[in-house]
Amino acid sequence: MIVDLPSSTTSAVNRKLVELRESGGVMALGRVLTLVMVTDDGGDAEDAIEAANAASREHPCRVIVVARGARKAAPRLDAQIRVGGDAGASEVIVLRGYGPLASEEAGAGMVVPLLLPDAPVVAWWPGEAPAVPSDDPIGRLAQRRITDALSSRNPNKAFEQRRAGHVAGDTDLTWTRLTHWRALLATALDNPPHEAVTGAVVAGETVSPSTDLLAGWLAVRLDVKVKRSPAIDNGGGMSSVQLTRRSGAIELFRPDGRTATLRQPGQPDRMIPLNRRGVPDCLAEELRRLDPDEIYAEALAGIGRISRGRTPVNLVP
Amino acid sequence: MTAGRTTAGPGALDWTNPLRDPRDKRLPRIAGPCGLVIFGVTGDLSRKKLMPAIYDLANRGLLPPGFALVGFARRDWGSEDFGKVVYEAVRAHARTPFRQDVWDKLAEGFRFVQGTFDDDDAFDRLSHTVRDLDRVRGTGGNHAFYLSIPPAAFPVVCKQLARSGLSAQDGEQWRRVVIEKPFGHDLKSAIELNEIVNEVFPEDSVFRIDHYLGKETVQNVLALRFANQLYEPIWNSHYVDHVQITMAEDIGLGGRAGYYDGIGAARDVIQNHLLQLLAFTAMEEPVSFSSDELRAEKIKVLNATRLVSPLTETTARGQYTGGWQGGELVRGLTEEEGYDPDSRTETFAAITVEVDNRRWAGVPFYLRTGKRLGRRVTEIAVIFKRAPHLPFDATMTEELGQNALVVRVQPDEGVTMRFGSKVPGSQMEVRDVTMDFGYGTAFTEASPEAYERLILDVLLGEPSLFPVNQEVERSWEILDPVIDAWTAADDGPDPYAAGSWGPESSNRMMARTGRTWRRP
């Protein structure tokens, strides 16, 4: 069900929410968090709402979408409430502010009365994010601030800002996209022979913050020289990792962006599907943990320790 | 229960993986290189639970690259036929969406070995297949054997596994065996069974599946009790009046005569599931969530558990009769195909136990289970004592019952709290209301199936959720006197109508102490 409240106020929205609950019992009370999404008004907002609805199947939440409209306009707030089938397992409140109401400060002011009592607040910028998310008025309301450097117009620049402005509670989906890679590498080291890793090479697209981040993570965790190289002909994003050990190297490579191969000395090649992860999947993972991610912070810091290689890594086995 | 992560084999103990960090909570536990061999792969359990669980694990990225699944059965199948059967099972029963690329990679590791359990040649072929998988798929000599077969076949299969060298573990490679209930039918047979299995597999390689323990809600009992300040102070005989643990099914027993006739509800459910649920509910706080500490507490509480006498009054048994149940005409047990028309097998069983320790002295635990009951439900209900003094007129609290905390194990997993609340209006009137936490509304879709969790734990070598033989044997020790008393009695089980909540004798058993069963 979609209820439109044109030219409205947040107290009218709150009244309507209570009314909907009382009349139809449409909203359960088991919401575990409030997810505040900040976007520009437009088509991207719908994609992001869909991703949030998908994630809400795992984490029932109240989604507040702050869709900033035209700044050169008369002040107006158009609100919309979506519940039931139109909102996954969540309830979605879209706030379209125009004129002065499209500013960051005013956006935060509209969000505050709609936050669920006591429940954690997560802010998410699906597209462009503020330079320092923790300084943003909405970012300040949240325990957890999720950004996505890759969906920005200039991913490298956005990622640089993330590194420079990081505080505990920030995460970026470039990190989330690496979880499967990291898990496979960690599992490979779980098994014998238990030898120290003496060096590592990480390759991926030239513009791939995730690849940089994985190299940074390895540099910190392994305390060895890590080289970040470009890859030719890869399927996008990360493409390979090589960990050098005395008995031979562990290699994990994904030439086509879909299937990875794990190669270890004295063992047959093992293949495993390793797709690039979609935003809903990443968001669901992000919402699973609401405490600061120290490992991510360390990996960001580790990027300063990696060396850049120029020679592309050839992925043909 | 993730503390104390273990990796396979000796020598792993002093190795710390630099890529792991307890603070890194995103990293899932993926099993190391390994394979799974299923005996009785054509059975219902295998198709409805095991195969879908394996696919779901693969889909969630929790199986190792190069994972292998070997089926062993009498059917004259090739590996492709086997693949087709798994495919159909996965399409019909998997929890997660079907993804072709995941399936393709998984299916490359399927093998099928045709043979019977007494066929030496078949086991030699199986041994060969397993070695071949180590070479081709890189399963690294790590294999789990899932015995989804009747216990009568355990001795011969165990012997075959030993003879063909399949059970031999060397160095850092592991071999594990997974067995399903029933773990015997009384103490004596349970000990025999354990001896047979332990002759071939050391106890730490034996994983006994009680699928209830893989359920999120059962593990949540521990979280509820030991992570909160709210409940533990009242979780004792000062505040708790009694505890009811119920596992009810609305289906009958048609088609299960071969297994069920002569076994009955008490052996089938109380001995394992209900006593395990009792252990989780009543145990003391473990020192840590490592499997050793957890088991130590479970065994302690089971050792303190005693039947309440006289058994004729504190136990009840019943057998469902035919009739209309929920719009369907159903047959009574003795009319079901394959059952002895004079069968005295009970389809409903209820017992009363007490836990003799300081925390629980004097608090009865009522356990009941049955088939063809009102609806399918499993729950643990902790019923509290009434407030010692009510500063209200009697008329104000007429409708106030006892406070209760109910852990709904299945379906509709969650926790309900029942307490009194003022009825709106100008008069003071207090009535029972419920407060509800639903897993489905707070963490929708995230809950994996019990078998996913348990199979993964087997492959990881994480034994917390599997009862050890000491628990199994102790549970039989508790239950055996009831079975003996029932066998010795002249009368058989009391009849009860299909779709009801059991025989009248079970209500009398509660009424004896002025209590009543909760309608779940």
### Task
Go through segment B:480-520 and give me each residue that's without any contact (Cβ under 8 Å) to a residue 24 or more places away in the chain and either assigned to a loop (DSSP other than H, G, I, E, B) or on the phi > 0 side of the Ramachandran plot (or both).
B:490, B:491, B:514, B:516
### Query
Do we find that residue B:70 is surrounded by 21 or more Cβ atoms within 10 Å (Cβ to Cβ), farther than 21 Å from residue B:460 by Cα and modelled with pLDDT of 90 or more in this structure?
no
### Query
Counting just the residues of segment A:104-121 that are assigned to a helix (DSSP H, G or I) and among the aliphatic types (A, V, I, L, M), which one comes out surrounded by the fewest Cβ atoms within 10 Å (Cβ to Cβ)?
A:112
### Task
Out of the residues in segment A:270-297 that are out of contact with any strand residue (DSSP E or B) (no Cβ under 6 Å at 6 or more places or on another chain), facing chain B (nearest Cβ under 9 Å) and acidic (Asp, Glu), state the one that is surrounded by the most Cβ atoms within 10 Å (Cβ to Cβ).
A:285
### Task
Kindly indicate whether residue A:243 is within 13 Å of another protein chain (Cβ to nearest Cβ) and buried (at least 22 other Cβ atoms within 10 Å of the Cβ).
yes
#### Entry: In segment B:13-55, residue modelled with the lowest pLDDT [restricted to those that are more than 30 Å from the chain's Cα centre (by Cα) and more than 7 Å from chain A (Cβ to nearest Cβ)]
B:13
### Message
So, in segment B:92-111, exactly how many residues are assigned to a loop (DSSP other than H, G, I, E, B) and within 13 Å of chain A (Cβ to nearest Cβ)?
### Response
7
### Query
Are any residues in segment A:185-211 closer than 17 Å to residue A:299 by Cα, touching a residue at least 12 places away in the same chain (Cβ under 8 Å) and either within 12 Å of chain B (Cβ to nearest Cβ) or surrounded by fewer than 24 Cβ atoms within 10 Å (Cβ to Cβ) (or both), and if so, which ones?
A:185, A:199, A:200, A:201
### Message
Among the residues that make up segment B:446-457, is at least one of them within 14 Å of chain A (Cβ to nearest Cβ), surrounded by fewer than 17 Cβ atoms within 10 Å (Cβ to Cβ), touching a strand residue (DSSP E or B) at 6+ places or on another chain (Cβ under 7 Å) and within 26 Å of residue A:59 (Cβ to Cβ)?
### Response
no
### Task
Taking residue B:177 as the residue in question, decide whether it is touching a strand residue (DSSP E or B) at 6+ places or on another chain (Cβ under 7 Å), buried (at least 20 other Cβ atoms within 10 Å of the Cβ), over 18 Å from residue B:207 (Cβ atoms) and free of Cβ contacts under 8 Å to residues at least 60 places away in the same chain.
no
#### Entry: segment A:146-165: number of residues that are outside any loop (DSSP other than H, G, I, E, B) and touching a Phe, Trp or Tyr at 6+ places or on another chain (Cβ under 8 Å)
3
### Query
Got at least one residue in segment A:85-97 being in a helix (DSSP H, G or I), among the small types (Gly, Ala, Ser), surrounded by fewer than 23 Cβ atoms within 10 Å (Cβ to Cβ) and away from chain B (no Cβ under 14 Å)?
yes
#### Entry: Options A:163, A:140: the member that is of a type outside the set (Gly, Ala, Ser) and under 16 Å from the mean Cα position of the chain (by Cα)
A:163
### Query
Can you tell which of B:467, B:520 is touching a strand residue (DSSP E or B) at 6+ places or on another chain (Cβ under 8 Å) and more than 30 Å from residue A:32 (Cα to Cα)?
B:467
### Task
Please enumerate the residues belonging to segment B:203-244 that are closer than 30 Å to residue B:322 by Cα and over 14 Å from the mean Cα position of the chain (by Cα).
B:244
#### Entry: Filter result for residue B:123 (assigned to a helix (DSSP H, G or I), over 27 Å from the mean Cα position of the chain (by Cα), surrounded by 15 or more Cβ atoms within 10 Å (Cβ to Cβ) and modelled with pLDDT of 90 or more)
yes
### Query
Just checking, how many residues over segment B:16-36 are farther than 21 Å from residue A:177 by Cα and either assigned by TED's automatic domain parsing to the domain that holds residue B:167 or surrounded by 16 or more Cβ atoms within 10 Å (Cβ to Cβ) (or both)?
6
### Task
Determine whether segment B:317-324 contains at least one residue that is surrounded by fewer than 15 Cβ atoms within 10 Å (Cβ to Cβ) and out of contact with any strand residue (DSSP E or B) (no Cβ under 9 Å at 6 or more places or on another chain).
no
### Summary
Scanning segment A:244-258 residue by residue, those in contact with a helix residue (DSSP H, G or I) (Cβ under 7 Å, 6 or more places away or on another chain) and closer than 17 Å to residue A:228 by Cβ turn out to be A:252
### Query
Which one of the conditions (1) within 26 Å of residue B:30 (Cβ to Cβ); (2) out of contact with any Leu (no Cβ under 9 Å at 6 or more places or on another chain); (3) small (Gly, Ala, Ser); (4) assigned to a helix (DSSP H, G or I) does residue B:141 fail to meet, given that it meets all the rest?
(4)
### Query
Can you tell me which residues in segment A:267-305 are more than 23 Å from the chain's Cα centre (by Cα) and farther than 17 Å from residue A:254 by Cβ?
A:267, A:268, A:305
### Message
Given (1) crowded, with 18+ Cβ neighbours inside 10 Å; (2) at pLDDT 85 or above; (3) more than 9 Å from chain B (Cβ to nearest Cβ), identify the lone condition not met by residue A:308.
### Response
(1)
### Task
Check residue A:301 against each of (1) more than 9 Å from chain B (Cβ to nearest Cβ); (2) surrounded by 17 or more Cβ atoms within 10 Å (Cβ to Cβ); (3) hydrophobic (A, V, I, L, M, F, W, C) and name the one condition it does not meet.
(2)
### Task
Check segment B:339-352 and report whether any residue there is surrounded by fewer than 16 Cβ atoms within 10 Å (Cβ to Cβ) and in contact with a strand residue (DSSP E or B) (Cβ under 8 Å, 6 or more places away or on another chain).
no
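The values are calculated or read from the model by the stated rules, or taken from the named source; none is laboratory data. All values derive from a computational prediction rather than experimental measurement. Because the Cβ atoms are built from the backbone with ideal geometry, glycine has one as well, and the counts that use them run over all protein chains shown.
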